[in-house]
1. Tell me, please, whether a residue that is modelled with pLDDT under 95, touching a helix residue (DSSP H, G or I) at 6+ places or on another chain (Cβ under 7 Å) and part of a loop (DSSP other than H, G, I, E, B) can be found in the stretch 68-79.
2. For the stretch 1-14: of the residues being touching a Phe, Trp or Tyr at 6+ places or on another chain (Cβ under 7 Å) and in a helix (DSSP H, G or I), which is surrounded by the most Cβ atoms within 10 Å (Cβ to Cβ)?
3. May I ask you to list the residues in the stretch 71-83 that are under 13 Å from the mean Cα position of the chain (by Cα) and either over 11 Å from Val96 (Cβ atoms) or of a type in the set (Val, Ile, Thr) (or both)?
4. Given the criterion part of a strand (DSSP E or B) and either in contact with a Pro (Cβ under 6 Å, 6 or more places away or on another chain) or crowded, with 18+ Cβ neighbours inside 10 Å (or both), identify the matching residue among Leu32, Leu45, Leu17.
5. Considering only the stretch 1-51, state which residues are under 19 Å from Asp67 (Cα atoms) and of a type in the set (Lys, Arg).
Amino acid sequence: MALEKRFGCRFEPERRLRARGFNGNGHMPDGLLHRQEGRPIAIELELSQKAPSRVTAIMDAHAANLDIEEVWYVVVDDRMLQFMRRLGEGYDHVRVSQWKRALPGVSTSTGGSNG
């Protein structure tokens, strides 16, 4: 996986987190990035826009989870990048990045769609 290669960490997907009984403090992340030192980083892949209240509730749950260092939101288009950055303002533990490379089966087109 690209995150493992880029950061020299081990990625644990949601399915494995559930199998080992990870709590997530009310929200299960899409995965955890385990670093050689320190607490893991929660990874959230945002492919579609959620209600702002739902996103901030998830960010609050991650903030209260002392088992993780921070949460990285990965988005695939400019619209989601701006949306998530706006919602993440004021959260010290939130990082938002846009994935520039195409993901299999995921459109990164931003041309005029509100869907």
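1. Yes, the stretch 68-79 contains at least one residue that is modelled with pLDDT under 95, touching a helix residue (DSSP H, G or I) at 6+ places or on another chain (Cβ under 7 Å) and part of a loop (DSSP other than H, G, I, E, B).
2. Going through the stretch 1-14, the residues touching a Phe, Trp or Tyr at 6+ places or on another chain (Cβ under 7 Å) turn out to be 1, 3-4.
Restricting the remaining residues to those that are in a helix (DSSP H, G or I) gives 3-4.
Values: Leu3: 16, Glu4: 12.
Within the stretch 1-14, the match that is surrounded by the most Cβ atoms within 10 Å (Cβ to Cβ) is Leu3.
3. Looking only at the stretch 71-83, we keep the residues that are under 13 Å from the mean Cα position of the chain (by Cα), and these are 71-76, 80-81.
Within the stretch 71-83, Val71, Val74, Val75, Val76 qualify.
4. Numbers: Leu45 fails: either in contact with a Pro (Cβ under 6 Å, 6 or more places away or on another chain) or crowded, with 18+ Cβ neighbours inside 10 Å (or both); Leu17 fails: part of a strand (DSSP E or B).
Just a single option satisfies the conditions, and that option is Leu32.
5. Within the stretch 1-51, the first condition is being under 19 Å from Asp67 (Cα atoms), and the residues that meet it are 9-44.
Matches in the stretch 1-51: Arg10, Arg15, Arg16, Arg18, Arg20, Arg35, Arg39.
The values are calculated or read from the model by the stated rules, or taken from the named source; none is laboratory data. All values reported here derive from a predicted model rather than from experimental measurement. Positions of Cβ are generated from backbone atoms using ideal geometry, with glycine treated the same way; all protein chains shown enter the neighbour counts.
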